[in-house]
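Visitor: Please see the structure below; I have some questions.
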Amino acid sequence: MQRLLIGFCALFSLAAQAAPLTPPQGGQYAIIVQGNNGVEFARHADQMIAPASTMKVLTALAARLELGADFRFATDIQAQPGAKQGDTIKGDIWINFVGDPTLSRMDLLALFKQLGVTRIKGNVYVNTGAYNGYERGNGWSWGDQTLCFAAPVSAVIIDKNCAYGTITATQIGKPATGNVATGVAIGIGADNVEVMSYGDMARQFCALEVDMAKGNFYELKGCITPNKEPQGLRFAIHDVEAWGWDNIRWAMNRAGIKHEGLLRVTHKAPIGAETLGTHYSVSLPIMLSKMLKKSDNLYADTFLKTVGRHYYNKPGSYRSGTMAVRAILTKNGIDLGNATLADGSGLSAHNLISARQMLSVLNFIQKNDAELGLIKLLPSSQVDGTLAWRRSVTAPMMKNKVHAKTGTITGTSNLAGFIDTAGGQRKAFVMFQRGLSQDPATHERYRASKAAWPWTVFEKGVLESIYQQQPIQIAEPQ
């Protein structure tokens, strides 16, 4: 009886999972899966699709191959030999910024304290020559410019070029106020913000918006609902030069250093100078782990520019970085063919890559993982990063079985990585979905009910089929 019951349950399970999976209406998808014996499933695998943040897989591999596991960013302060005399620097100093995404203003303060002086009699030069070109990638959305995930990628990066503030709006009809913490080098204005009910906001199609001005002043406008507590705000820095000046002045002041001179920008380090202090970042694998698990765009694009700088021995840029990534991968036998690379983070709508091309990158990573150690840096299902709560991998059997990079931009939901199957095999897979859209009423209904989106259900079915080593059956639209 027990054998019959077990057999019936197994047959029921297979029957339940044999039902064809339904792709989201109106959308497109691309899937490719590879096991020990080669490609096991491919559908639309050569279509060119925006990879979104799965682009970070390419960036991570190129950075690991070109820079090496021991790489660290080094931000230093230099002066001409003999300029430091006791507690005074008699002459100019140069702060050589290199696009370290981990550098905080407290690190900058510690760097100035390393000098061991109380006075600088000369100019302070901020060397930004590590990078050139645009601070944001071609194809980035202009509407994202105030958001910290699209912070400017410059040689000067302090506190991730992101600043925090609050807005206080306690009562309908009363004025709102903007605030920043003491010492934070931004300003917030809220004179043009109306405090009103959610219903009135919806009827008037009103929302909280922001205009940016030179000097990192953020003028809030539009509407907000009342709240007893101040509501947190995060802004991408707009004026990087002003941000650098203000934080350098703050650090010198906190370090007890009096400065007699000017603050100036340069693009070259001094010749023959001596180094008076250096700040080192953590090692590359630690930074790559944060980039991949948290999908950190700033980290990704600093690595891209740094790879370009290192590979060509010229200032890093989006152009040199993307060309270097392609060259490095080609040198290692990975042919990206007609793929288009525009940045390292995947924010750009100009990026295009096929699922098959992405699979070639994953195959290289898997074959060389003993040396590279990249798979363990990817998010793991129900464990960490962007897969900790992704609803397509929440089934108990899927815990810590999917190690993959997510990629989400408007209308796109992607996943690329590896699945440890029920049979103990590790399979590489790529699943891209694009053109994901719903009419406003349906979208609101899903949002309010917190039901899984159709593309999430489709992704879940594909992943569980791979895990259980069952054929992927997809009902194509008529």
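Visitor: With the condition being open to solvent by less than 30 Å² (accessible area, probe 1.4 Å), I'd like the helices (runs of 4 or more DSSP H) fully within the range 184-301 carrying at least 3 qualifying residues.
Guide: Counting at least 3 such residues, we get 240-254, 284-294.
Visitor: Moving to a separate point now. What is the one condition in (1) farther than 10 Å from Met55 by Cβ; (2) among the hydrophobic types (A, V, I, L, M, F, W, C); (3) surrounded by 17 or more Cβ atoms within 10 Å (Cβ to Cβ); (4) under 21 Å from the mean Cα position of the chain (by Cα) that Leu341 does not satisfy?
Guide: (1)
Visitor: For the range 318-330, indicate whether the set of residues that are open to solvent by 60 Å² or more (accessible area, probe 1.4 Å) and touching a residue at least 40 places away in the same chain (Cβ under 8 Å) is non-empty.
Guide: Taking the range 318-330 as the starting set, the residues that turn out to be open to solvent by 60 Å² or more (accessible area, probe 1.4 Å) are 319, 323, 326, 330.
Next cut, touching a residue at least 40 places away in the same chain (Cβ under 8 Å) only: 319.
So far as the range 318-330 goes, yes, one or more of its residues are open to solvent by 60 Å² or more (accessible area, probe 1.4 Å) and touching a residue at least 40 places away in the same chain (Cβ under 8 Å).
Visitor: Do you know which residues across the range 59-98 are part of a strand (DSSP E or B) and either in contact (Cβ under 8 Å) with a residue 40 or more places away in the chain or surrounded by 20 or more Cβ atoms within 10 Å (Cβ to Cβ) (or both)?
Guide: Ala74, Thr75, Asp76, Ile77, Gln78, Ala79, Lys84, Ile89, Ile93, Trp94, Ile95, Asn96
Visitor: It is to be established whether one or more residues within the range 353-375 are farther than 22 Å from Gln47 by Cβ, among the charged types (D, E, K, R), at pLDDT 95 or above and touching a helix residue (DSSP H, G or I) at 6+ places or on another chain (Cβ under 6 Å).
Guide: Yes.
Yes/no matrix, rows are residues, columns are (1) open to solvent by less than 10 Å² (accessible area, probe 1.4 Å); (2) hydroxyl-bearing (Ser, Thr, Tyr); (3) part of a loop (DSSP other than H, G, I, E, B):
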| site | (1), (2), (3) |
| --- | --- |
| Gly129 | no, no, yes |
| Asn138 | no, no, yes |
| Ala155 | yes, no, yes |
| Tyr164 | no, yes, no |
| Thr170 | no, yes, yes |
| Pro175 | no, no, yes |
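Visitor: A further question follows. Could you figure out which of (1) free of Cβ contacts under 8 Å to residues at least 12 places away in the same chain; (2) closer than 23 Å to Lys450 by Cβ; (3) not β-branched (Val, Ile, Thr) isn't true of Glu371?
Guide: (2)
Visitor: Ala110 versus (1) closer than 30 Å to Gln231 by Cβ; (2) open to solvent by 10 Å² or more (accessible area, probe 1.4 Å); (3) of a type in the set (A, V, I, L, M, F, W, C): which is the lone unmet condition?
Guide: (1)
Visitor: Taking the options Asp343, Asp335, name whichever one is within 20 Å of Asn132 (Cα to Cα), among the acidic types (Asp, Glu) and assigned to a loop (DSSP other than H, G, I, E, B). Talk me through it step by step, then tell me what you get.
Guide: Details: Asp335 fails: within 20 Å of Asn132 (Cα to Cα).
Residue meeting the stated conditions: Asp343.
Visitor: Related question: With the checklist (1) out of contact with any helix residue (DSSP H, G or I) (no Cβ under 6 Å at 6 or more places or on another chain); (2) under 22 Å from Leu233 (Cα atoms) in hand, flag the one item Asp159 doesn't pass.
Guide: (1)
Visitor: On the given criteria, is Thr146 open to solvent by 40 Å² or more (accessible area, probe 1.4 Å) and either over 30 Å from Gly272 (Cβ atoms) or at pLDDT 95 or above (or both)?
Guide: On the way: open to solvent by 40 Å² or more (accessible area, probe 1.4 Å): no; either over 30 Å from Gly272 (Cβ atoms) or at pLDDT 95 or above (or both): yes.
Here the answer is no, as Thr146 does not meet what is asked.
Visitor: A further question follows. What are the residues in the range 23-80 that are among the hydroxyl-bearing types (Ser, Thr, Tyr) and more than 19 Å from the chain's Cα centre (by Cα), if any?
Guide: Hits for the range 23-80 are Tyr29, Thr75.
Visitor: While we're here: Counting just the residues of the range 381-392 that are open to solvent by 10 Å² or more (accessible area, probe 1.4 Å) and of a type in the set (S, T, N, Q), which one comes out nearest to Asn351 (Cα to Cα)?
Guide: Thr386
Visitor: Taking the range 28-52, which residues are closer than 21 Å to Val325 by Cβ and out of contact with any helix residue (DSSP H, G or I) (no Cβ under 8 Å at 6 or more places or on another chain)?
Guide: The answer is Met48, Ala50, Ala52.
The values are calculated or read from the model by the stated rules, or taken from the named source; none is laboratory data. Computed from a predicted structure; not experimentally measured. Reconstructed Cβ throughout: ideal geometry from the backbone, glycine too, with neighbour counts over all protein chains shown. All accessible areas refer to the heavy atoms of the entire protein, side chains included, with ligands and DNA or RNA removed. Shrake-Rupley method; radii C 1.70, N 1.55, O 1.52, S 1.80 Å.
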